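Below is one structure, written out as structure tokens, with a few remarks after it.
Every read-out reported here was derived from the displayed coordinates using simple, explicitly stated rules and does not represent laboratory data. It should be emphasised that the depicted structure is a prediction, and the values quoted were computed from it without experimental measurement. Reconstructed Cβ throughout: ideal geometry from the backbone, glycine too, with neighbour counts over all protein chains shown.
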Amino acid sequence: MKLIGKDKPIHDARGKAAGFVKYAGDVTLPNMAYIALVHSTIPHGCVKEVRTERALGVPGVYGVFHCFNTTARTYNRYRSNFAQNLPGEERVFTDYVRFVGDRVAAVAACDQETADKAARLVEVTYEELPFSIGFDDTLSGRNCLAGERPVRDEFFTEIGTQPDDDGLIEVTTVSEMPRLHHATMEPHACVVDCDPYQQQLTVYSPNQAVHGIRLVLADFLEMPYHRVRVVKTTMGGSFGAKQEWFLEPAAALIAKTLGRPVKLVYSREEAMVCSVVRGAMRGEVRSKFKPDGTLISLSMDVLLDAGAYIGNAADYIRALSGKPFRCYRIPYFRFCGRVISSNTPVSGAFRSWSAAEEAIMMERNFDEAARQLGIERIELRLKNVLLSGEADRKSGVPLENIRVRDALEQGRTSFRWDELVQADRAFNESSPRYRRGVGVGCGGHGNTYYPRFNDYGEGRLGLNEDGTVQATLTLHDHGCGTVTAMRMIIAEVLDIPDTSVYLAEGDTAVTPVDYGCFASRTTFVLGRTAYDAATALRDEILDRTAELFSLTRGSLRLENGAVRCRDDECVNITLEQLAQASMLKLKRNVCAQAQFNNTSNPGVTGVHFAHVEVDTWTGFTKVLDYLAVQDIGQPINPAMCAAQIQGAAQMGCGAALREKMTIGKDGRCTESLSKYHLFLATDLPDIRVLLLSDGRSEEGPFGAKSIGEISYVPAAPAVCGAVNDALESALGTLPYDPDCILKYLAEERDS
Amino acid sequence: MTLHFFVNKRPIVLETSPDRRLLDILREDLHLTGVKEGCAEGECGACTVLLDDQAVHACLTIAAQLEGCRVTTIEGLAELGELDILQTCFVEEIAIQCGFCTTGMIMSAKALLMRNSHPKEEEIRLALSGNICRCSGYVQIVKAVQRAAEELEAKRTCAV
């Protein structure tokens, strides 16, 4: 292959390096109004009065919008396709505030400084109500949302037959994970332009589903869909943070009311508190093993704190119940998931959609089981991981060429696991202060919505007059190289340079209706769609050439951007010649369309290894070495895959060792990066990546599988396992930050 | 106050309040939107620019500090579509993903290479420790700076 498997920078890398690329927050339109939001300062209560006189008195203020002068219509922030049966639960501005950060009002003004100043002058009077800041409050019966039960949703499933317990060893572990902030470097932003004469709204926003935003806005504003155009802008990271709609409805309502363009850009504080977080989770895992290490039974009881709006929580907890089957063989499975509400920031999508939390719970249990059974940790996993040819027992879908076993074995060798175990033992015996340990984490994920629902994609390709290719797919590049990958796929099929393909991103006025870029479906489903569309265009090119130049169709082939003929080496028809001849003589464009209907979801897995050193005096953990082994199938662009995997490792190290959003007794959440500790360049080793490409998928383009979410799944478990190995501990509450470790060491000394 | 300073070698005279942030002056008054706002409290480094060749956070620098100073932004590195060596190395080493941290990262690296032409890996990591990247594990970014240092050295040697 000429392009697939080659390293390429992201398509807009040069513009990004130059500071030339425009993000939504960089866009300015004539007569634009700038919006500043007014958020609830209390965790729970009713808005009794909003006084706007002082704000309206500031020169340059165009209007103040609040719960008493705007619509009471509701929408659902999580809705992204028409088939979802979701209740509208959110007003643009609410008179019943559910958490510190709920939207109460907004000011629109001539510039941001004026809007911010006037927003501080909006006076809101509340009647305060009792509130809950998490599991303990809610489960003890503290009323947190009027008219709603504390447990908002409950889900139970059972697979297989409960085994006879005779001779089985039961292992119970409890894990607790805090709320996490996605920490996209670009805070949320959108610009909405309004044409009152055509009753047309145009929304520019970094997001994962342009059609999802269109659907929610059009229904909310009672507009026909074709009058709402949503254009995906360059996205400064998402990780799930930009797949729910909490600022577009407010901006659209104000733009429509004022009849002028508006811009709404979140501050970091707003991005942390008023967007979505990964919800807090608490889970108990009870596994039963045969003495030889064979897993016989797995039982999970999981609690998820949805926060103030239920959003995606009901789907999120259900998704978790399917994740173990993407990695392990589980004869009997019992799952009970409960979703609670609290007066805290709203939980939502986060990279891997619960697989990372599931893996933390599961891998902690495996480490504990290894200890109790006296079986080496990698050996225990090798005994229970799924093998090529097995199926996902929950969905029944074949896992095809799953390579988690190879990943464990090759990683063990490449990481020098057994040598490190020996070396750490010697080190720990001689070091009074530092303790070292190694950890391993396994995980599995999907590549598509299938079989939850039938996934599909549409792509359209055509030749321009000069023979270059115009491609239309609904893409949302998060910054991980989606556009580049699609160009490579199309160009490989057509045997042209990838730079000859132009590919726009999601724009509801131009690109086909699509679910959006999440569920790790982009490369697998849309990549295959691009492949099929390119194949259809290749066929069209050969058909039209045969017709126009009176050649035998079967003798033609595409080579180096030209049509060549097996029977006549002199035939060398460029795509430019063909495109022009078709227009002039056949009166038609050379173009093709493909609809790909996806019917598989192969096993995609990862195994990560971490080596850490814990300072028992400070409680600080240093990551000494890290290896990520990914069962990726055919990597389209290996360097971008590696970069993304290293980012996932960084994020997983953060989840394991540092990151947490805390809620104070007053209901206020962590609202600053100075208190939310992310991994910096000085904190990480040279993260190594090993791509296993032989576990190719049957449906993915060139055998590709997903990478964005699966790469995050095994990261935190590996690091947690390493810390527990170093300390010979079984810490249950993440993150293992200095507070956690020092507390554990103090308890150990006392006991 | 009337402020006189230089931005990307161009003399600028601006009527502004002394407490206006350099970040707002650059983005809003001068339309240099390559300078990004990620946190407004000096934690993320997305707004890093050079102030008299030192890397500073534009969100924590105010107009009163700028009189007579030279400010260099990311827009001051490239000329008419031609990236400089450091920028080119970021592109070619696949050190760019979402790009929101990139401009600040490049400016921190620029400041490092201006004062230290042979930085060790630890020195590069330290120089970049005020810039958060959420997409990567910093591996390619560090490599890009290492390669830029080597290429700049080779260029200097050729010039001699």
inquiry  = For A:ARG688, A:ARG557, which order do you get if you count the other beta carbons within 10 Å of each Cβ and list the fewest first?
reply    = A:ARG557, A:ARG688
task = Excluding residues on the same chain fewer than 8 positions from B:LYS155, give the lysines whose Cα lies under 24 Å from its Cα.
result = B:LYS9, B:LYS110, B:LYS120, B:LYS143
request  = Determine the shape class of the protein assembly as shown: with a ≥ b ≥ c the square roots of the Cα gyration tensor eigenvalues, call it rounded for a/c under 1.5, and otherwise prolate if a/b is greater than b/c, oblate otherwise.
outcome  = rounded
key: Amide proton proximity set for A:ASP153, modelled H, under 5 Å, gap of 5+   = A:VAL339
task = Rank the residues A:TYR316, A:TYR204, A:TYR266 as a footprinting-exposure proxy: fewest other Cβ atoms within 10 Å of their Cβ go first.
result = A:TYR266, A:TYR204, A:TYR316
ask   = Could you state the principal axis extents of the C-alpha atoms in the stretch A:8-109, from the largest down, to the nearest angstrom?
value = 56, 45, 24
message = Between the stretch A:266-339 and the stretch A:193-248, what is the separation of their alpha carbon centroids in Å?
response = 30
note = Check: C-alpha center the stretch A:631-668 vs C-alpha center the stretch A:19-45, spacing in Å is 27
Neighbour cut-off at most 13 other Cβ (10 Å), DSSP loop, trypsin sites (Lys or Arg not before Pro), the stretch A:417-479 = A:ARG433
note = Rounded to a whole number, the mean other protein chain Cβ count within 10 angstrom for residues of A:643-653 is 5
query = Taking θ as phi - 60°, what are the ³J(HN,Hα) couplings along the stretch A:470-484 by the Karplus curve (6.51, -1.76, 1.60), each to the nearest whole Hz, with x for Gly and Pro?
reply = 9, 10, 10, 9, 8, 10, 9, 6, 7, x, 10, x, 4, 4, 4
ask   = If a helix is a whole DSSP H run, which ones in chain B reach 18 Å or further along their own axis (Cα) and hold a mean Kyte-Doolittle hydropathy of at least 0.5?
value = B:102-115
message = Exposed loop sites here are trypsin sites (Lys or Arg not before Pro) in DSSP loop states with at most 16 other C-beta atoms within 10 Å. What is the longest stretch of chain B lacking them?
response = B:10-119
Lys pairs under 26 Å by Cα in the stretch A:196-329, provided they are eight or more residues apart or on distinct chains = 8
Whole-Hz couplings from phi, Karplus 6.51/-1.76/1.60, listed for the stretch A:652-668; x for Gly and Pro = x, 4, x, 4, 6, 10, 9, 6, 6, 9, 9, 10, x, 5, 8, x, 8
query = Looking at the stretch A:631-667, which trypsin sites (Lys or Arg not before Pro) are DSSP coil and have at most 12 other C-beta atoms within 10 Å of their C-beta?
reply = A:LYS665
remark   = Loop-resident GluC sites (Glu not before Pro) in the stretch A:696-751 with no more than 15 other Cβ atoms inside 10 Å, DSSP not H/G/I/E/B, are A:GLU698, A:GLU728
ask   = In whole Hz, what ³J(HN,Hα) sequence does the stretch B:19-28 give by Karplus (6.51, -1.76, 1.60; θ = phi - 60°), x for Gly and Pro?
value = 9, 5, 6, 4, 4, 6, 4, 5, 6, 8
The stretch A:447-517-the stretch A:163-177 distance, computed between alpha-carbon centres (Å) = 47
query = With each run of n ≥ 4 DSSP H residues scored as -39500 (n - 2.57), what mean residue ellipticity at 222 nm is computed for chain A after dividing by its residue count and rounding to the nearest 500 deg cm²/dmol?
reply = -8000 deg cm²/dmol
